[in-house]
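Worksheet: one structure, shown below.
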Amino acid sequence: MTITEAIDWIHSRKKFGSRPGLERIQALLNKVGHPEKKVPVIHIAGTNGKGSTVAYLRSMMIEAGITVGSFTSPYIEEFSERIAIDAQPIPDDELIRYVEKYQPIVAELDQDPAISGITEFEILTAIMLDYFATEQVNVAIVEVGLGGLLDSTNVVVPMLTAITTIGYDHMDILGDTLNEIAQQKAGIIKKNIPVVTGKIAKGPLIEIVEQAAAKTAKVYRYGEEYQVDYLRPDATWGELFHFIDSAGKLSSLKVPLLGRHQVENAGVAIELFHLYCEQQNLPFEEKTIQKGLLHAQWPARMEKISDEPLIVMDGAHNGHAIKRLVENMKREFHDYNVKILFSALETKDVDQMLAQLGEIPNVQIYLTTFEYPKALDLSRFDHLDSRFEVVSLWQFGLGELLEELGADDLLLITGSLYFVSEVRQLLLTLGGSNEKS
């Protein structure tokens, strides 16, 4: 079997979609000796900010000499990055070996109508746990796929949990109000296991705190048990801030990703790292935190792809993330003419996302689509004003934009992470990253 065939088989399960519920993943794990019971886990849920929180925490742990697994989605550069140890993607031969192991098991379980149709994400979750258990990682940082309570990752036995943010997304599955969405995300909270919360509005936070109290899980809240004092953008790229918690104050920390929300995500990661160090009797040292944060990499999150012309990518794939993106653009790039190449999935509130992007001063938005299930249907966008333009083929639209960009222009590629990933790969192939940071 080649790696392409292995990945194609995993992708072939995409047709079963996203199916909340734990019965299929539990049946799968039962067949392979319950690896979920053998891996210490930090479990992270949230509408946005999960990925960069994982990246910061992972980087600090690597700096501290901890062997750390990470499970993230979607991928940006290569499929295997979703399952990584010390930020190194699972090797091709290992992924092939696990696919060969799981193919007959999945075929067998497909014969049982009660648990047939195991999904792509469920298979990846099982492979991840199996791989991390076999490699005996010190800890695995596991990002929830969707929601929390009924997400297939919720089979793990965590030592710590975190909920980064609560916003409107996947409302068809998670509920129509922020409190209902918070209820689903809080489903990862386990009895007596500490939970760290990010910057969350009062109503949904109360929901989380109540669920934690019912499970006697201590809550470490942003702005209460720990605090982040935002300072300013760094002169090169990134953000500066202070962090304060029961260990004291860490001054003038820097994250290499741009955006005030990245400081909030880093705060969640530092508090998780502190709690982990306490549990494991490890030193919680400022230099480890500083170096770890500086080395963190998380592609397509306010990522500068090129300086001349200035090209920035941000996978802001829902209204909550777009709001933060617009805040960043207004604050950091108000002197530029902003050209936006945007695409999203039809399952998102695209009209709201476009209305928010339209608030950026001096903006021109190029709407496009891409090859992906439920990608944007351009035929319904004939009512937009002069700030918007429809581009049927994003490759041609991108080419024209690159030719026209001047010193006062900024090209922002945003929307679906699947879309941003495709554009990013093409730009890097073309040598667009002359000064990638």
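For the reader, a short list of remarks on this structure follows.
- Against the test of being farther than 16 Å from VAL420 by Cα, open to solvent by 30 Å² or more (accessible area, probe 1.4 Å) and either in contact with a Gly (Cβ under 6 Å, 6 or more places away or on another chain) or part of a loop (DSSP other than H, G, I, E, B) (or both), the options GLU359, GLU389, GLU371 yield a single qualifying residue, GLU359.
- Positions within the stretch 60-95 being open to solvent by 30 Å² or more (accessible area, probe 1.4 Å) and over 19 Å from ALA269 (Cβ atoms), in sequence order: TYR75, GLU77, GLU78, GLN88, PRO89, PRO91, ASP92, ASP93, GLU94
- Scanning the stretch 289-305 turns up no residue that is assigned to a helix (DSSP H, G or I), open to solvent by less than 60 Å² (accessible area, probe 1.4 Å), within 25 Å of ALA182 (Cα to Cα) and touching a residue at least 60 places away in the same chain (Cβ under 8 Å).
Rundown of residues vs (1) touching a His at 6+ places or on another chain (Cβ under 9 Å); (2) within 24 Å of TYR276 (Cβ to Cβ); (3) buried (at least 19 other Cβ atoms within 10 Å of the Cβ); (4) at pLDDT 95 or above, yes/no style:
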{"residue": "PRO158", "(1), (2), (3), (4)": "yes, yes, yes, yes"}
{"residue": "LEU178", "(1), (2), (3), (4)": "no, no, yes, no"}
{"residue": "LYS185", "(1), (2), (3), (4)": "no, yes, yes, yes"}
{"residue": "LEU205", "(1), (2), (3), (4)": "no, yes, yes, yes"}
{"residue": "ILE208", "(1), (2), (3), (4)": "no, yes, yes, yes"}
{"residue": "ALA213", "(1), (2), (3), (4)": "no, yes, no, yes"}
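- Qualifying residue in the stretch 133-147 (condition: open to solvent by 10 Å² or more (accessible area, probe 1.4 Å), out of contact with any Asp or Glu (no Cβ under 8 Å at 6 or more places or on another chain) and more than 26 Å from ILE62 (Cα to Cα)): yes
- Members of the stretch 22-39 that are open to solvent by 10 Å² or more (accessible area, probe 1.4 Å), more than 22 Å from the chain's Cα centre (by Cα) and among the hydrophobic types (A, V, I, L, M, F, W, C): ALA27, VAL32
- Residues located in the stretch 328-356, provided they are under 15 Å from SER416 (Cβ atoms) and open to solvent by less than 50 Å² (accessible area, probe 1.4 Å): ILE340, LEU341, PHE342, SER343, ALA344, LEU345, LYS348, VAL350, MET353, LEU354
- If you go through the stretch 11-21 and keep only what is closer than 14 Å to SER152 by Cβ, open to solvent by less than 60 Å² (accessible area, probe 1.4 Å) and either assigned to a helix (DSSP H, G or I) or in contact with a helix residue (DSSP H, G or I) (Cβ under 6 Å, 6 or more places away or on another chain) (or both), you end up with just ARG13.
- Test for LYS31: is it closer than 18 Å to GLU108 by Cα and in contact (Cβ under 8 Å) with a residue 24 or more places away in the chain: yes
- For the stretch 75-129, the tally of residues that are closer than 17 Å to ASP8 by Cβ, in a helix (DSSP H, G or I) and among the polar types (S, T, N, Q) stands at 2.
- Just one of the listed residues (ALA217, ALA201, ALA235) is of a type outside the set (Phe, Trp, Tyr), open to solvent by 40 Å² or more (accessible area, probe 1.4 Å) and farther than 18 Å from LYS304 by Cβ, namely ALA201.
- Checking every residue in the stretch 47-57 against the condition of being among the small types (Gly, Ala, Ser), surrounded by 24 or more Cβ atoms within 10 Å (Cβ to Cβ), touching a helix residue (DSSP H, G or I) at 6+ places or on another chain (Cβ under 8 Å) and on the phi > 0 side of the Ramachandran plot gives at least one match.
- Comparison of HIS261, HIS274 shows that the only residue that is assigned to a helix (DSSP H, G or I), in contact with a strand residue (DSSP E or B) (Cβ under 8 Å, 6 or more places away or on another chain) and open to solvent by 10 Å² or more (accessible area, probe 1.4 Å) is HIS274.
- Scanning the stretch 213-245 for residues that are more than 29 Å from ALA300 (Cβ to Cβ), touching a residue at least 24 places away in the same chain (Cβ under 8 Å) and small (Gly, Ala, Ser) yields a single hit, ALA217.
The values are calculated or read from the model by the stated rules, or taken from the named source; none is laboratory data. These numbers come from a predicted model, not from an experiment. Counting neighbours? That spans all protein chains shown, and the Cβs are built from the backbone with ideal geometry, glycine included. In case anyone asks, the SASA skips ligands and DNA or RNA and just uses the protein heavy atoms, side chains included. Shrake-Rupley method; radii C 1.70, N 1.55, O 1.52, S 1.80 Å.
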